[in-house]
Amino acid sequence: MNKPGNTFDIVIEQSFDFLSPEYAELFDRSAATAFQHPIWLHCLYTRLAPEAGATPLVVVVRHRATGALAMVLPLLRIRRGPIRTVEFADLRVSDYLVPVCSPDVFSQLLDDATASSQIRRLVRPFDLLRLTKLPDGRLPIEKLLAASRRVSMDTNSYATILMAPFEQWRASAMDRSYQKELAKKYRQLQKKGSLSFSCCGDSASVLEALDVMRKFRGPRFHAQGDGDLLQRPEYYGFYSDVALRGLGSFVRLYAMKMDGEVIAAVLGLCHRGSFLIIMSAFDIAGYKSQSLGALMFEQVARDCIERGDRMLDFTIGDEPYKKLFGGQPSPVWAVTKAGSPVGAVALFALKQAPWLKLAVKRLSDLRLQPARTPAPTR
């Protein structure tokens, strides 16, 4: 039962500093994911949000007695066609979206009627509150925002538990015939030239690998009918900034080379003993029969195990290859809430006509136009 409280101070801080020591401390003691990391959100709000015409909506909750951060809710206001939406800070780059808060403090907020009411007031106005990619078993944001019960999305995330040594993990996670197939293809690949695999250790190797990833991914995603984010300058800048800022701690960029030339690369985030794969690229045209992707993921798993990682997370998407590496599905969830008659009609239509979900996805995936900058005035 909610009780009136006088425990928290709650405000909107559009220019919140995600690189501040107080946010780093909150993040470390929270139930947040890698996609709420200080570097990730700093780059998203400073690089992507302005280009998308999205307005930062950062709900900042502090303990009144001490002024210490209690919760940060990283949201955006963005117009999707005629619909004014409030969404998590995502813009197509994040896989797991949650409030940055500890479970204990989140429970206190749920029990505090004054705090809950103020948060709901601050996120308005909107036609549609649309919170997607909620990982399974995390903080019940729908209760805090008085939204409807979360529903399962049409996709899952996949992760495989790692164990040392590598051979033991491979034997338990992968089918024996598939192990043999990959071993054969790896031997074939080695015969083609000088083969190497490494984790990029400096800015030059990071930018080299990212440039090659952009080159490999362009034709692949164009052929599938969906544009690749790396081809767009604002997204290439975002991923480059994240990779360079997080190199050696938060980010790993793996590269496989043949005779000194990058032929495959995997970009991922490191968080609490997990390595989360967020992007990959392979020279499919040059090595059609070598299963470069599978060989690369196998080498990534080996390196993660040697580093002591406990989980390899393939993140969201139902691609079949994830199960070949022992990936187990986990549901991801969505929460919606109408905030106006227009939003209510849109939400009703989505629930009654499933085909509209595809239309909404296509609308949200449209090329985000750069925000118009008004002429300077004096």
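In debye, nearest 20, what is the charge dipole magnitude of the stretch 1-117 about its Cα centre with +1 on Lys and Arg Cβ and -1 on Asp and Glu Cβ, if you could check?
I would put it at about 440 debye.
What are the semi-axes of the equivalent ellipsoid for the stretch 9-113, taken as the square roots of 5 times the Cα gyration tensor eigenvalues, largest first, in whole Å?
Sorted largest first and rounded, they come to 23, 15, 13 Å.
Given a Förster radius of 30 Å and the C-beta distance between A164 and S249 as r, what FRET efficiency does 1/(1 + (r/R0)^6) yield to the nearest 0.05?
That gives a FRET efficiency of 0.85.
Would you work out the charge dipole size for the chain about its Cα centre, treating the Cβ of every Lys and Arg as +1 and the Cβ of every Asp and Glu as -1, and quote it to the nearest 20 debye?
My answer is approximately 1000 debye.
Convert each backbone phi in the stretch 317-329 into a coupling constant with the Karplus relation 6.51 cos²θ - 1.76 cosθ + 1.60 (shift: θ = phi - 60°), then list the ³J(HN,Hα) values in order as whole Hz, x for Gly and Pro.
x, 9, 4, x, 4, 4, 5, 5, 9, x, x, 9, x
Over the Cα atoms of the stretch 265-353, each weighted equally, I'd like the Debye log10 I(q)/I(0) at q = 0.11, 0.22 Å⁻¹, rounded to two decimals.
At q = 0.11, 0.22 Å⁻¹ the computed log10 ratios are -0.50, -1.10.
Using a 10 angstrom cutoff on alpha carbons, build the Gaussian network for the chain and name the most mobile of K322, K180, K143.
K180
Mind ranking 90-102, 197-209 by how tightly packed they are, going by the mean number of other C-beta atoms within 10 angstrom, highest first?
Highest to lowest by the protection proxy: 90-102, 197-209.
Evaluate the charge dipole of the stretch 163-309 about its Cα centre and quote only its size in Debye, nearest 20, assuming +1 on the Cβ of each Lys and Arg and -1 on the Cβ of each Asp and Glu.
The dipole of the stretch 163-309 has a size of about 460 debye.
Roughly how far apart, in whole Å, are the Cα centres of the stretch 263-298 and the stretch 139-188?
14 Å
Expressed as a rounded percentage, what relative contact order does the chain have, with Cα pairs under 8 Å and six or more residues apart?
That works out to 22 percent.
Whose amide H sits under 5 Å from the amide H of V332, counting only residues 5 or more places off or on another chain, with H placed in the peptide plane?
Here M153, T155, S157 satisfy the definition.
Would you mind computing, in nm to one decimal, how far apart the modelled labels at Q188 and E22 are, each placed 7 Å from Cα along Cα→Cβ?
5.9 nm
From the phi angles alone, apply the Karplus equation (6.51, -1.76, 1.60; θ = phi - 60°) to the stretch 236-242 and give each ³J(HN,Hα) in whole Hz, x where the residue is Gly or Pro.
Whole-Hz 3J(HN,Hα) from phi for the stretch 236-242: 4, x, 4, 5, 5, 5, 4.
Report the equivalent ellipsoid semi-axes for the chain in whole Å, largest first, defined as the square roots of five times the eigenvalues of the gyration tensor built from alpha carbon atoms.
After scaling each eigenvalue by five and taking roots: 38, 23, 21 Å.
On full extension of the chain, what length is gained from D9 through M153, given 0.36 nm per residue of separation minus the C-alpha to C-alpha distance?
48.5 nm
Taking a threshold of 26 Å on the Cα-Cα distance, which of the pairs K288/K322; K133/K288; K191/K288; K184/K288; K322/K351 fall above it?
K133/K288; K322/K351
Stick to the Cα atoms of the stretch 163-309, pair each with every other, and give me the Kirkwood hydrodynamic radius in Å at one decimal.
Taking the inverse mean of 1/r over all distinct Cα pairs, the stretch 163-309 comes out at 16.0 Å.
Calculate, axis by axis, the spread of Cα positions in the stretch 94-150 along the three principal axes, and write the results as whole Å, longest axis first.
Largest first, the stretch 94-150 extends 31, 31, 19 Å along its Cα principal axes.
Once the dipole of the stretch 163-309 is set up with Lys and Arg at +1 and Asp and Glu at -1 on Cβ about the Cα centre, which of A285, C270, L210 lies farthest towards its positive end?
A285
How many percent of DSSP beta bridges within the stretch 163-309 run antiparallel, rounded to 5?
The answer is about 95 percent antiparallel.
No value in this document is a laboratory result; all are computed from the given coordinates. Please read all numbers here as calculations on a predicted model, not as lab measurements. For neighbour counting, all protein chains shown are included, and Cβ atoms are generated from backbone atoms with ideal geometry for every residue, glycine included.
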